[in-house]
């Protein structure tokens, strides 16, 4: 990779996660689709919070989680996202910058509160997410720092942003800047519901803009609902230079240059919470890619980082991940 000072600059939703263990009965009673994410308004967020058990609050957001993982691996990173000037906004900014991630996007002075995601973790480790997007709706094209993207080896974006028109416009502007500046573009499909709502637009940007794609098997199937899985892999490898498809305990498949590299999952003693597994896989993969590792090694490091995060509650690693690089 060229010697730009930032390994990865990411644009994403700045969200504080509120996590609690829950039985499947609550998922059913609240008419949630287990294992997925849905958008909610502030009133629904307050009502659901009242029904949750004891919780913990940790900074989250898909792209921000990936940057946190990259920082704990030793990468130089920066984040573009919007928080409000409230307590949750201060917590989010502190948690990210304390890890060494540069975050200079100004806080919103008016409008909605900082975003939060209410995450119910069931006994099988699955997470069901309910997101109040809040101040994330205040990210505009003017917030995109061209000079920052020019200094990045990779620009990373998340599909969760596609439901907000202003944020989507900001991300598209960042894509244009990245292509002009020779910055590679990585993207995660984020969630099945994102794919189902934005399938046509996702297919377009994959063909025209994206160099590196991250998705899980369910998201890939949602992108091509009329194809079987082998045909889906064929279609994906024709769209982007590199594609990494995660498949839970079956590991992942990396597609690049007409070749396929299967990567085994790293076994863990107990799956506590799968929140952040895909985000940390992307962190490990992108660290490897920006440090010259071969693609199978990028996938191995991604799997190791994902395995680390699913052994505890929350979507971010709790200590340095550098030990995993040479493991």
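The values are calculated or read from the model by the stated rules, or taken from the named source; none is laboratory data. Computed from a prediction, not measured in an experiment: that's the story for all the values here. FYI the Cβ positions are ideal-geometry reconstructions off the backbone, even for glycines, and counts take in every protein chain you see.
So, of the residues in the stretch 29-43 that are at pLDDT 90 or above and buried (at least 17 other Cβ atoms within 10 Å of the Cβ), which turns out to be farthest from residue 120 (Cα to Cα)?
Here the residue is 40.
Out of 205, 185, report the one residue that is within 25 Å of residue 302 (Cβ to Cβ), in a strand (DSSP E or B) and modelled with pLDDT of 95 or more.
On the way: 205 fails: in a strand (DSSP E or B).
Going through 205, 185 in turn, the sole match is 185.
In the stretch 79-94, what residues are touching a strand residue (DSSP E or B) at 6+ places or on another chain (Cβ under 6 Å) and surrounded by fewer than 16 Cβ atoms within 10 Å (Cβ to Cβ)?
Within the stretch 79-94, none qualify.
Name the residues in the stretch 114-126 that are surrounded by fewer than 17 Cβ atoms within 10 Å (Cβ to Cβ) and in contact with a strand residue (DSSP E or B) (Cβ under 9 Å, 6 or more places away or on another chain), would you?
123
Please go through the stretch 95-113 and pick out each residue that is over 19 Å from the mean Cα position of the chain (by Cα) and either surrounded by 19 or more Cβ atoms within 10 Å (Cβ to Cβ) or at negative phi (or both).
Initially, the stretch 95-113 is screened for residues over 19 Å from the mean Cα position of the chain (by Cα), giving 98, 104, 106-113.
Within the stretch 95-113, 98, 104, 106, 107, 108, 109, 110, 112, 113 qualify.
If you check 174, 150, which single one turns out to be modelled with pLDDT of 95 or more and within 23 Å of residue 108 (Cα to Cα)? Please lay out each step first, then the result.
Numbers: 150 fails: within 23 Å of residue 108 (Cα to Cα).
Among 174, 150, only 174 is modelled with pLDDT of 95 or more and within 23 Å of residue 108 (Cα to Cα).
Mind listing whichever residues of the stretch 47-64 are modelled with pLDDT under 95 and either touching a helix residue (DSSP H, G or I) at 6+ places or on another chain (Cβ under 6 Å) or within 18 Å of residue 137 (Cβ to Cβ) (or both)?
Scanning the stretch 47-64 gives 59, 60, 61, 62.
Could you please give the count of residues in the stretch 204-216 that are touching a helix residue (DSSP H, G or I) at 6+ places or on another chain (Cβ under 7 Å) and surrounded by fewer than 20 Cβ atoms within 10 Å (Cβ to Cβ)?
Counting residues in the stretch 204-216 that are touching a helix residue (DSSP H, G or I) at 6+ places or on another chain (Cβ under 7 Å) and surrounded by fewer than 20 Cβ atoms within 10 Å (Cβ to Cβ) gives 1.
Residue pairs, Cβ under 8 Å, 6 or more apart or interchain, first in the stretch 267-287 and on the phi > 0 side of the Ramachandran plot and crowded, with 18+ Cβ neighbours inside 10 Å, second modelled with pLDDT under 90 and not in a helix (DSSP H, G or I). List them.
Within 8 Å, the pairs are 276/60; 276/314; 276/315; 276/316.
Pick out the one residue from 74, 53 that is more than 16 Å from the chain's Cα centre (by Cα), touching a residue at least 12 places away in the same chain (Cβ under 8 Å) and at positive phi.
Working: 53 fails: at positive phi.
Residue meeting the stated conditions: 74.
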